[in-house]
Amino acid sequence: MPIFMDRHYLEGTSAADVARAHRMDLDIQDRYGVKFLTYWFDQRRGTAFCLVDAPDAETAQCVHREAHGFVANEIVEVALSAVEAFLGRIHDPEPAPGQSSVDVDPGHRAILFTDIVGSTAMTSRLGDRMATEMVRAHDAIVRRCLSQNSGREVKHTGDGIMAAFATTAAAVECAMAIQREFDRYNGGNAEPIHIRIGLDCGEPVEDSNDLFGSTVQLAARLCAAASSDQILVSENIFREYGAADLFGHATRRRLKGFSKPVLAFRCDWASAGAA
């Protein structure tokens with residue numbers, strides 16, 4: 001059966017209420033031949049997301065309707081592998097030893113893209129073998145920084161990496177760490193590697209039919225628009241990170257796939273590292 005993720009607007013609802021509704025779904029799911037796998041709840045934003053194995057979207061909605069009346073506002077078909085890559089799990093989490101419950105994951109994620117600047121020209125100049133070694137060096141640095149900053153690699157893009165973070169702060173700190181690591185690498189190597197980074201954050205089910213669709217698209221476009229050794233972040237990242245002195249040179253940019261100019265902020269990672 002296909003896998004669906006839905007989105008509920010539940011402003012004013014408590015985490016206990018949402019947990020109770022999830023249990024009510026589980027109680028009657030067998031009647032409809034569906035299986036509710038897990039859920040996420042963002043109390044600050046008033047949104048909940050359910051992951052369900054169902055024959056179709058309407059059957060999943062029927063369970064919600066009968067169980068508790070919290071019918072989803074949006075529902076999209078997703079791939080389990082993508083859900084696990086972005087969100088880190090596809091089943092209800094188990095409480096840690098000594099705990100009777102788990103903290104509710106809001107499902108909100110920051111998305112980061114890296115891209116090697118001039119990778120095509122690098123391959124032409126150095127040849128496939130040497131260029132492959134340069135990509136491996138990039139991958140090793142980025143993955144080390146992801147590990148140190150609780151980042152999760154979603155996929156390799158060929159000349160870059162897409163990653164997800166549970167917090168905006170971790171994503172920004174990781175982006176700055178990546179640039180600092182490449183700055184150190186380039187100081188001791190004859191063949192430097194220059195990269196650009198883009199960041200945005202958002203919810204798993206937004207205004208598109210893809211998991212983190214608009215968030216992924218904007219982060220990728222910001223990465224493509226960034227200059228060498230630069231980090232560009234969205235207005236969402238700027239607002240959530242809460243350190244205006246770190247971000248400057250805000251400009252409105254026309255990005256492919258976006259009908260209106262997008263406000264982008266440059267992260268002053270070099271000054272932050274010096275401080």
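The values are calculated or read from the model by the stated rules, or taken from the named source; none is laboratory data. No experiment lies behind these values; they were computed from the predicted model shown. Backbone-built Cβ (ideal geometry, glycine too); neighbour counts: all protein chains shown. The protein model used for the area step is the full one, side chains on, heavy atoms only, and it has no ligands, DNA or RNA in it. Shrake-Rupley method; radii C 1.70, N 1.55, O 1.52, S 1.80 Å.
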Specify whether the C-alpha gyration tensor of segment 3-87 places it in the rounded, prolate or oblate class, a ≥ b ≥ c being the square roots of the eigenvalues: rounded for a/c under 1.5, otherwise prolate if a/b is larger than b/c and oblate if not. oblate
Cut-off 10 angstrom, C-alpha nodes, Gaussian network model of the chain. Which of Thr168, Thr114, Thr38 fluctuates the most? Thr38
Apply 1/(1 + (r/R0)^6) to the Cβ-Cβ distance of Glu77 and Ile28, taking R0 = 22 Å, and write down the FRET efficiency to the nearest 0.05. 0.50
Rounded to 0.05, the calculated FRET efficiency for the beta carbons of Lys260 and Ser150 at R₀ = 25 Å is 0.15
Given Cα pairs under 8 Å that are at least 6 residues apart, what percent is the relative contact order of the chain? 16 percent
Using +1 at the Cβ of each Lys and Arg and -1 at the Cβ of each Asp and Glu in segment 3-87, identify which of Ala21, Ala82, Ala67 lies farthest towards the dipole's positive end. Ala21
What nm value, rounded to one decimal, do you get for the distance between Thr157 and His91 when each label is placed 7 Å out toward the C-beta? 3.3 nm
Difference of contour (0.36 nm per residue) and Cα-Cα distance, His249 to Asp210: 10.9 nm
Name the residue, out of Ile111, Ile90, Ile231, whose mean-square fluctuation peaks in a Gaussian network model built on the chain with Cα pairs under 10 Å. Ile90
Which of the trypsin sites (Lys or Arg not before Pro) found in segment 169-275 are loop residues per DSSP with 11 or fewer other Cβ atoms within 10 Å of their Cβ? Arg254, Lys256
Calculate, for the chain, the solvent-accessible area per residue in square angstrom, rolling a 1.4 angstrom probe over the heavy atoms of the protein chains. 48 Å²
Whole-angstrom gap from segment 228-275 to segment 118-136, using each part's C-alpha centre: 29 Å
Cβ-based charge dipole, the chain, positive-most Cα from Leu146, Gly187, Ile116: Gly187
Show which lysines lie in cross-link reach of Lys155 when reach means a straight Cα distance below 21 angstrom and same-chain residues fewer than eight apart are skipped. none
